[in-house]
Amino acid sequence: PYGIQEMLLKTLVKEHPDHTNRAAVDTKVKLLNLFYSTGIQAVSKMADNIFGIQDIDARLKQDDLTLVPQIATLKLNGGERFNYSFATKYCALHQPEKFPIYDSIVADTFESLFVKGYFPKYTYSRSKSKFPNTFTKVEFAAKLKEYDFFVEFYKYFMELFDLKSFTYRQIDSYIWGAFKVAGSDFEIEKLAQLDKSKI
């Protein structure tokens with residue numbers, strides 16, 4: 001079913017690649033939210049938020065990572081919601097080569113591998129540390145929700161495991177599929193020996 005959903009979204013973006021049509025933006029937001037259960041309740045307000053961003057199309061093409069928090073931040077009823085996963089998916093829908101998707105499975109995978117010490121550039125610490133690139137598990141999880149760090153880490157992950165020939169979406173699908181198919185029996189650390197032929 002996800003293949004059909006992705007095909008429909010890609011067709012929609014192909015027909016309406018820019019953000020000059022308010023109805024098209026509204027449809028993209030609604031379908032993305034529906035297909036991937038991103039939890040946006042005020043879809044029309046989110047569409048308004050996106051439609052109102054100046055130069056959004058140029059910024060998408062220039063892989064302006066600051067778009068993600070700008071799209072994610074939605075003011076509602078005097079408060080504010082941060083729709084991070086949705087914003088990464090929305091940007092990836094338009095520029096999949098430039099914007100990796102954040103979701104809980106990818107984040108959990110990165111966190112598990114990080115704690116197990118698979119990333120020499122980043123150090124796990126059980127307590128807070130003042131050293132650069134040294135994090136507790138909670139701190140690391142929070143850092144992944146800073147999109148510039150998430151992208152930096154994702155690229156490092158791809159380089160470390162010789163995955164640069166694959167797209168973000170291919171790697172995301174591999175991680176998601178391996179986790180979903182094997183369920184609780186999936187030993188997440190086995191990603192250190194990724195079978196690239198199956199991506």
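Data overview
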| quantity | calculated |
| --- | --- |
| Checking I71 against (1) in contact with a Cys (Cβ under 9 Å, 6 or more places away or on another chain); (2) over 30 Å from K45 (Cα atoms); (3) β-branched (V, I, T), the condition it does not meet | (2) |
| Residues (in a helix (DSSP H, G or I) and more than 18 Å from K116 (Cβ to Cβ)) located in segment 144-157 | Y147, D148, F149, F150, V151, E152, K155 |
| The lone exception for L8 - which of (1) more than 17 Å from the chain's Cα centre (by Cα); (2) open to solvent by less than 40 Å² (accessible area, probe 1.4 Å) it fails | (2) |
| Failed item, numbered, when S44 is tested on (1) farther than 15 Å from K28 by Cβ; (2) part of a helix (DSSP H, G or I) | (1) |
| Output for segment 18-44, where each listed residue is in contact with a helix residue (DSSP H, G or I) (Cβ under 7 Å, 6 or more places away or on another chain) and open to solvent by 40 Å² or more (accessible area, probe 1.4 Å) | D18, R22, T27, K30, L31, Y36, S44 |
| Exclusive hit being surrounded by fewer than 17 Cβ atoms within 10 Å (Cβ to Cβ), of a type in the set (G, A, S), assigned to a helix (DSSP H, G or I) and in contact with a helix residue (DSSP H, G or I) (Cβ under 9 Å, 6 or more places away or on another chain), set A178, A141 | A141 |
| Condition check for T20: outside any helix (DSSP H, G or I) and without any contact (Cβ under 8 Å) to a residue 60 or more places away in the chain | yes |
| Residue within segment 149-161 that is open to solvent by 40 Å² or more (accessible area, probe 1.4 Å) and over 17 Å from the mean Cα position of the chain (by Cα) present | yes |
| Criterion (under 27 Å from M158 (Cα atoms), touching a Ser or Thr at 6+ places or on another chain (Cβ under 8 Å) and surrounded by fewer than 17 Cβ atoms within 10 Å (Cβ to Cβ)) met by exactly one of E97, E80 | E97 |
| Residues that are at pLDDT 95 or above and open to solvent by 50 Å² or more (accessible area, probe 1.4 Å), drawn from segment 45-58 | K45, D48, F51, G52, D55 |
| Given (1) in a loop (DSSP other than H, G, I, E, B); (2) polar (S, T, N, Q); (3) more than 25 Å from D172 (Cα to Cα), index of the condition T38 fails | (3) |
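The values are calculated or read from the model by the stated rules, or taken from the named source; none is laboratory data. Fair warning: this is a prediction, and the values are worked out from it, not measured in the lab. All Cβ positions, even for glycine, are placed from backbone atoms using ideal geometry, and neighbour counts span all protein chains on display. Surface accessibility is based on the protein's heavy atoms, side chains included, excluding ligands, DNA and RNA. Shrake-Rupley method; radii C 1.70, N 1.55, O 1.52, S 1.80 Å.
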